[in-house]
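A quick write-up on the structure given underneath.
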Amino acid sequence: MDVDRIYGSSLFTKEKFLFYKRLPSTQDRAKELIKNGVRRPGYVIVADEQYRGRGRFRRVWSSRKGESLTFSFITEKIPLLSMRTALSVAETLEEECGLRAEIEWPNDIVVNGRKICGILIETERNLAIIGVGMNVNETVLPLESATSVRIETGIPASREAILSLFLSIFESNLTRENIMDCVREYLSFMDRYVEIETENGVVRGEFINLGEDGEIIIRTESGSIASFLPGEAKRMHKLTAPLLAGTDR
Ligand code: BTN
């Protein structure tokens, strides 16, 4: 990866880019920076190879040397960060790679039904650390449910160009007002039945809407209305058929 080909923006200035050839986890490196005294947003930690990447809910995030785009950045803690990030990834994939990406609420980005990017958001002191793992130039992936930019477009892509565009789009989405309207346009499951895995078990229901706080609102199997914030859902699956018993629709 050629760090000189990554463009900064007014928040993510080039002197706040930290590039590593090999790192256990960009997310852990970003945490260390804050623990060691960094107090300003705008730092971007990029690794050409990450060998102990972490996903949400203690999942492992594996990435391939020189092929994946793995980075973490430090930003202010503001509302709707996961929605702003997911939207920025989808817009970047569309603009830079011509891909119609969908947001699989809350934190996955999929293309043609397969995961292309995962997002991990954590906080440290008064700052947020956002980790993004995107499959870019992989031609083979270990999971059937995963895909890459190259697999979808058939041509290699520039990780530097994707990262540069993402940072500038994210920066403008930090202050965008109609975030949820934009997110709804990219949702992968309007008018579908969904299954949400939470810490307390699985809830199935009919998707009704995404609320203004980024929460998913569903009509559950028993007919009641329930909502879950992005941080409360471990995973969300679409159900192809209304497997619901007991709904009166
Ligand atoms: C998920 O899908 O569960 C989220 C995956 C997030 C992976 C990224 S890769 C860059 C950053 N560093 C990490 O250790 N994890 C995130």
Is it true that some residue in region 119-130 is closer than 21 Å to Tyr7 by Cα and touching a helix residue (DSSP H, G or I) at 6+ places or on another chain (Cβ under 9 Å)?
yes
How about region 15-56: which of its residues are more than 13 Å from the ligand (Cβ to nearest atom), touching a helix residue (DSSP H, G or I) at 6+ places or on another chain (Cβ under 6 Å) and assigned to a strand (DSSP E or B)?
Phe19
Within region 112-142, tally of residues that are more than 11 Å from the ligand (Cβ to nearest atom) and surrounded by 23 or more Cβ atoms within 10 Å (Cβ to Cβ)
1
Filter region 162-208 for residues that are free of Cβ contacts under 8 Å to residues at least 24 places away in the same chain and more than 23 Å from Val149 (Cα to Cα) and give the result.
Ser172, Thr175, Glu177, Asn178, Asp181, Met190, Asp191, Asn200, Gly201, Val202, Phe207, Ile208
Pro106 being surrounded by 23 or more Cβ atoms within 10 Å (Cβ to Cβ) and either modelled with pLDDT under 95 or not assigned by TED's automatic domain parsing to the domain that holds Asn178 (or both)
yes
Give the residue that is nearest to Ala233 (Cα to Cα), with candidates limited to residues of region 113-147 that are basic (Lys, Arg) and in contact with a strand residue (DSSP E or B) (Cβ under 9 Å, 6 or more places away or on another chain).
Lys115
Yes/no for Ser72 being modelled with pLDDT of 95 or more, touching a Gly at 6+ places or on another chain (Cβ under 8 Å) and over 25 Å from Thr175 (Cα atoms)
no
Output the residue which, of all residues in region 64-74 that are more than 15 Å from the chain's Cα centre (by Cα) and not acidic (Asp, Glu), is nearest to Ala146 (Cα to Cα).
Arg64
Those residues of region 143-159 that are closer than 17 Å to Asp48 by Cβ, more than 16 Å from the ligand (Cβ to nearest atom) and not in a loop (DSSP other than H, G, I, E, B) come to a total of 1
Subset of region 151-161, residues closer than 17 Å to Ala101 by Cβ, free of Cβ contacts under 8 Å to residues at least 60 places away in the same chain and not hydrophobic (A, V, I, L, M, F, W, C), comes to Glu152, Thr153, Gly154
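The values are calculated or read from the model by the stated rules, or taken from the named source; none is laboratory data. Just so it is clear, the structure is predicted and the values come from calculations on it, not from any experiment. Neighbour counts are summed over all protein chains in view; Cβ atoms, including those assigned to glycine, are modelled from backbone coordinates with ideal geometry.
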